[in-house]
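Just below is one structure, and these are the notes that go with it.
The values are calculated or read from the model by the stated rules, or taken from the named source; none is laboratory data. Owing to the predicted nature of the structure, the values given are computational and were not obtained by experimental measurement. Counting neighbours? That spans all protein chains shown, and the Cβs are built from the backbone with ideal geometry, glycine included. Remember, those area values only see protein heavy atoms, side chains included, never the ligands or the DNA or RNA. Shrake-Rupley method; radii C 1.70, N 1.55, O 1.52, S 1.80 Å.
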Amino acid sequence: MKIKYYITILLLLFAAALFGQEVKFQASASKTTVGTGEQFQITYSINGNVEGFAPPAMADFQLLSGPNVSTYMEFDNTGNRAYNTTYSFILMAVREGSFSIGAATVAVNGKKYTSAPIKMAVVKGKVVPQNNNRPKAEGENTVDLSKQLFLRAVVDKSDVYQGQQITLTYRVYTRVDILQNQLNKMPDLTGFWAEEVRSNQPAQFKIDTYKGQRYNVADLRRVVLFPEHSGNITIEPFSMQFIARVQSAPRDFMDQFFGNNVQEVNYMAKSLPVVIHVKPLPATGKPPGFAGAVGNFSIQASVDKTHLKANEPINYKVRISGAGNLKLLKDLNPIFPADFEKYDPKLTDSINITNKGLTGYRDYTYVVIPRRKGDFTIQPLNFSYFNPATKKYVTLQIKAFNVKVEKGLADENVASLAADDAEIDKPLDKDIHFIKTGDAGLKKRGEAFFGSTDFYLLLLLGPVMCAGAFAYRNIMRKYNSDIVKVKSRGAGKLAAKHLAAAKKELQANNTKAFYEELFKGFYGYLSHKLNLSYADLDRETVAATLKARGISEGLITQLLETIDLCEMARYAPVTHISPTEVFEKAKNIINAIENEI
């Protein structure tokens, strides 16, 4: 009994050591002594699954960006998850003195944790306005534009089945002149498999009526969505920054007489979230072998030959065509005779992504090789899908194929099992080898590998390699422990990927897609390099963060001008500079930032 007791205590202690890790909530600052007008970053890190975060009081500083949230999750050898979450803010000192940034609060597993305050010393630097708010830019929005300029996310259907395609369109409605526009936030579309409908034409405005009012309306973006699970899925808002020209009250008689009562206003528009109600596929009537196909499909099959010799290949092709989740179809698993050697299928897609969804076909081409002669049958193949229009499952069947295989050449045949009355080909030098001449490679007794020096060296190599692997794992864990640095290191690769895609579109003379890839490349690169979310990638935050990292003013200006050019080129033609020059400029800017940071 005592032995069992001691074993139980040891197991409990071991479990406590594995799972009883202490939650650590730490606060840090990039620098604790700054000058007025100087930017710095504060970071809060927590090694647990965060349920709620309350930021500290920062009334003595100007908030430029934040909170920027990064979450890192890893699994250990036992399958347990470990979370590491960081919250970062970019601040600017506005007046001299000694200040304290208060404590932040976080909730983990129902328990609250509080960070230590951060002491800051602010010395004399640049002269900044003595307030904690962002200074208003010239032409700051003082007019309510919510009824004259707004965005809408429009879906063709909001009550669907899982896997049923939906068309989502982002539209801008305006009754004012738009001078400039800039994308602020792209929705994540979490819970959907998404495919964007690409168009080589810029957005075209047309007159449309909405709630009894006439607007100039343009479709900015269209995406085909397929819900990945049942339940209510929310499409997050889509936001853009506009500079609009609007009418204002005349200041005097001269303004009224000459018509100078207009002003340019900065305005951010955001669409409302859209909730999609996704129903699970019905369990009643679900055929066996159903693999998740949703839509309206047809199927056909063919073989390139039905009379051949052993060891000659047959191409068995199945084509599924129609409209629906074609790109999500799984393997078909046709049944071939046991004497047929089967290879993995080659997939060929011809799918069009239009305003009505995905249409086209997918070909599955199987190469099979009969290994002996005889008469064989490729069994019929069943394919099932769910039709949302009729709310019923449909099962399609293709016919069987009879194949006659003749005896092949002697030097091509491969021995295989056959019935008693079937002939088995036995190629020469395959069943009985020729007599071997020369050195047979025999060894005398006592010269075996076991017990030799090489044996013990090899035996020692295992623990040495295990220790090396353990040390390497610890080094890589430490190297990748800071998620911010990991994302920053990967920013260059992400930019190179988008630049390569942009170059490909440029060579194909697809200008709109070229500028889209450059725009995505800049946004992805800056998000990873500066640890900023896509929602915070506005001009002021990007410029302030790059300046805080020591990037020169000239390079920052080039970057912002190039981003604005790419954004403008997505909706209107650009003639004063060629796409090739823009590509080289973008590549040089990213290389320069990599060298300076």
Practice item. In whole Hz, with x marking every Gly and Pro, tabulate ³J(HN,Hα) for the stretch 110-118 from phi via Karplus 6.51 cos²θ - 1.76 cosθ + 1.60, θ = phi - 60°. Key: x, 10, 8, 10, 10, 7, 7, x, 10
Exercise for review: Net charge near SER578: determine it from the other residues with C-beta under 11 Å of the C-beta of SER578, scoring Lys and Arg +1 and Asp and Glu -1.
Suggested key: -1
Point to revise | Which listed pairs, of LYS503/LYS547; LYS147/LYS497; LYS111/LYS157, have C-alpha distances above 31 Å, in listed order | key: LYS147/LYS497; LYS111/LYS157
Exercise for review: Return the whole-Å distance between the Cα centroid of the stretch 287-340 and the Cα centroid of the stretch 204-242.
Suggested key: 38
Practice item. State in Å² the accessible area per residue of the stretch 515-597; use a 1.4 Å probe, count heavy atoms of protein chains only, and round to the nearest integer. Key: 42
Study note, to complete from the structure: Label model pair LYS404, GLU96: point-to-point distance (7 angstrom along the Cα→beta-carbon line) in nm is 10.4
Revision key, fill the gap. Phi-derived 3J(HN,Hα) across the stretch 203-215 with the Karplus relation (6.51, -1.76, 1.60, θ = phi - 60°), rounded Hz, x for Gly and Pro, is 4, 10, 7, 9, 7, 9, 10, 9, 6, x, 10, 8, 9
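Rounded to the nearest percent, how much of the accessible area of the stretch 164-245 (1.4 Å probe, protein heavy atoms only) is carbon and sulfur?
Numbers: 1570 of 4040 Å².
Of the solvent-accessible surface of the stretch 164-245, carbon and sulfur hold 39 percent.
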Check your understanding: Using r as the Cβ-Cβ distance of GLU594 and ASN49, and R0 as 51 Å, what FRET efficiency do you calculate, to the nearest 0.05?
Key -> 0.90
Review point. Based on the Kirkwood radius over alpha-carbon pairs, what value in µm²/s does the Stokes-Einstein equation return for the translational diffusion coefficient of the stretch 502-597 at 37 °C and 0.692 mPa s?
Key: 240
Exercise for review: Under 19 Å from a label point 7 Å along Cα→Cβ of ARG152: give me every residue in the stretch 200-237 with its amide N that close.
Suggested key: 203-224, 235-237
Exercise for review: Just grab the label-to-label distance for ASN352 and VAL574, each label 7 Å out from Cα along the Cβ direction, in nm (one decimal).
Suggested key: 3.2
